[in-house]
């Protein structure tokens with residue numbers, strides 16, 4: 001075989017880059033690769049082995065929403081990476097330095113009760129991560145809920161749910177830490 005023919009065969013034997021196949025492969029990888037949950041879309045990806053509900057991919061508590069905004073602005077506000085604090089094994093974000101400072105000084109007051117777990121489900125003995133979109137400030141405390149239905153049930157009569165969740169929380173919290 002001549003050197004020219006050998007070179008032609010070697011070039012023909014090389015795999016060619018095919019953009020269509022590469023795009024299909026990328027789409028498959030993206031579809032099968034676990035992705036972070038969009039903010040406010042629920043708590044399915046919330047870590048359930050932690051004392052504070054965090055997004056397992058980002059480490060953010062309450063999906064990056066500012067916990068003080070629920071008290072100050074009476075609505076969820078997305079925090080900024082410029083104003084972060086580490087507390088309780090999670091990263092918390094805030095809309096401004098004042099909110100961050102207040103939270104750092106009093107995390108037990110401004111952080112969601114029960115680490116962000118749904119108090120109605122806790123009252124039943126089940127740990128379900130709350131969503132920053134289903135919230136309620138009651139008795140000067142922030143509560144997050146896994147579903148709109150549990151938020152509405154709690155809002156209608158918070159005392160029995162809060163009492164039962166408070167009674168069950170220590171043992172459930174201990175199990176989460178293991």
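The values are calculated or read from the model by the stated rules, or taken from the named source; none is laboratory data. Note that this is a predicted model, so its numbers are computed, not measured. Here the Cβ positions follow ideal geometry from the backbone for every residue, glycine too, while neighbour counts run over all protein chains shown.
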Does residue 76 meet the test of being modelled with pLDDT of 95 or more, under 22 Å from residue 166 (Cα atoms) and not in a helix (DSSP H, G or I)? no
Tell me which residues, restricted to the range 102-153, are loosely packed, with under 14 Cβ neighbours inside 10 Å and either part of a strand (DSSP E or B) or in contact with a strand residue (DSSP E or B) (Cβ under 7 Å, 6 or more places away or on another chain) (or both). 137, 148
Residue 173 is checked against (1) at pLDDT 95 or above; (2) assigned to a helix (DSSP H, G or I); (3) within 22 Å of residue 50 (Cα to Cα) and fails just one. What number does that condition carry? (1)
Taking the condition at pLDDT below 95 and at positive phi, does residue 108 pass? no
Select, from 165, 156, the only residue that is buried (at least 22 other Cβ atoms within 10 Å of the Cβ) and either out of contact with any strand residue (DSSP E or B) (no Cβ under 7 Å at 6 or more places or on another chain) or at pLDDT below 95 (or both). 165
Filter the range 86-101 down to the residues that are part of a loop (DSSP other than H, G, I, E, B) and over 19 Å from the mean Cα position of the chain (by Cα) and list them by number. 96
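Residues checked against (1) in contact (Cβ under 8 Å) with a residue 12 or more places away in the chain; (2) under 18 Å from the mean Cα position of the chain (by Cα); (3) within 20 Å of residue 54 (Cα to Cα):
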{"site": "138", "(1), (2), (3)": "yes, no, no"}
{"site": "146", "(1), (2), (3)": "yes, yes, yes"}
{"site": "160", "(1), (2), (3)": "yes, no, no"}
{"site": "169", "(1), (2), (3)": "yes, no, yes"}
